[in-house]
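The values are calculated or read from the model by the stated rules, or taken from the named source; none is laboratory data. Here the structure is a predicted model, which means the values were calculated and not measured. No Cβ is skipped: glycine too gets one built from the backbone with ideal geometry, and neighbour counts run over all protein chains shown.
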């Protein structure tokens with residue numbers, strides 16, 4: 001068993017989307033970078049959605065996400081785990097990040113997206129109980145297919161579609177739980193048809 005410590009968040013000045021994983025894997029810990037495993041689809045998906053292509057340097061990818069308003073973090077700050085599998089995390093050793101504090105400091109966050117089921121479960125167990133109901137209700141929580149190569153039951157194209165549908169909308173409806181908010185538009189009054197001036201003469 002190894003004690004794994006997570007990274008500081010990737011976060012810009014005006015984040016609107018918070019992407020939460022569970023805990024960095026072995027490859028990420030060694031590299032000191034989020035989602036460093038070469039077969040993890042996180043960066044290819046971020047490249048397709050926000051221009052943070054895996055062909056860029058890590059610093060350039062981080063900058064692209066910050067500019068797009070995407071914050072990346074993990075639910076856990078540290079835990080004991082053997083290998084990289086989420087199933088190997090020792091629950092009694094798991095300590096969560098101060099996600100509530102992050103949400104308080106950055107009120108513009110509207111979507112909390114979980115990179116896989118384990119991240120969502122950890123959040124519900126360790127974070128959600130500490131959030132005031134009004135704060136939790138102002139957020140849209142969505143669980144997305146894990147980008148990990150271990151989650152091979154969903155192919156890359158389907159993962160991209162799911163992530164695109166969830167993250168490429170500027171608005172979210174917290175009450176819906178899953179559906180994105182449709183932009184409300186105020187109907188414009190019908191245009192007035194200009195009236196022709198009459199000369200008093202009968203029409204020809």
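Taking the range 98-119, which residues are over 17 Å from residue 135 (Cα atoms), out of contact with any helix residue (DSSP H, G or I) (no Cβ under 6 Å at 6 or more places or on another chain) and buried (at least 18 other Cβ atoms within 10 Å of the Cβ)?
115, 116, 119
Do any residues in the range 155-169 that are on the phi > 0 side of the Ramachandran plot and modelled with pLDDT of 95 or more have Cβ atoms under 7 Å from those of residues that are surrounded by 13 or more Cβ atoms within 10 Å (Cβ to Cβ) and part of a helix (DSSP H, G or I), where the two are at least six apart or on different chains, and which pairs are they?
Close Cβ pairs (under 7 Å, with a partner that is surrounded by 13 or more Cβ atoms within 10 Å (Cβ to Cβ) and part of a helix (DSSP H, G or I)) do not exist here.
Based on what the data block shows, is residue 49 under 22 Å from residue 142 (Cα atoms) and either over 17 Å from the mean Cα position of the chain (by Cα) or assigned to a helix (DSSP H, G or I) (or both)?
yes
Return only the number of the condition from (1) in contact with a helix residue (DSSP H, G or I) (Cβ under 6 Å, 6 or more places away or on another chain); (2) within 23 Å of residue 28 (Cα to Cα); (3) not in a helix (DSSP H, G or I) that residue 142 does not satisfy.
Looking at each condition in turn, residue 142 falls short on (2).
A quick yes/no check of all residues on (1) over 22 Å from residue 161 (Cα atoms); (2) touching a strand residue (DSSP E or B) at 6+ places or on another chain (Cβ under 8 Å); (3) without any contact (Cβ under 8 Å) to a residue 60 or more places away in the chain:
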site	(1), (2), (3)
18	no, yes, no
21	no, yes, no
24	yes, yes, yes
35	no, yes, no
38	no, no, yes
46	no, yes, yes
51	no, no, yes
58	yes, no, yes
69	no, yes, yes
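Go through (1) within 21 Å of residue 150 (Cα to Cα); (2) touching a residue at least 40 places away in the same chain (Cβ under 8 Å); (3) more than 17 Å from the chain's Cα centre (by Cα) one by one and return the number of the condition residue 77 breaks.
(1) is the only condition that residue 77 fails.
From (1) surrounded by 15 or more Cβ atoms within 10 Å (Cβ to Cβ); (2) under 19 Å from residue 112 (Cα atoms), pick out the condition that doesn't hold for residue 67.
Exception for residue 67: condition (1).
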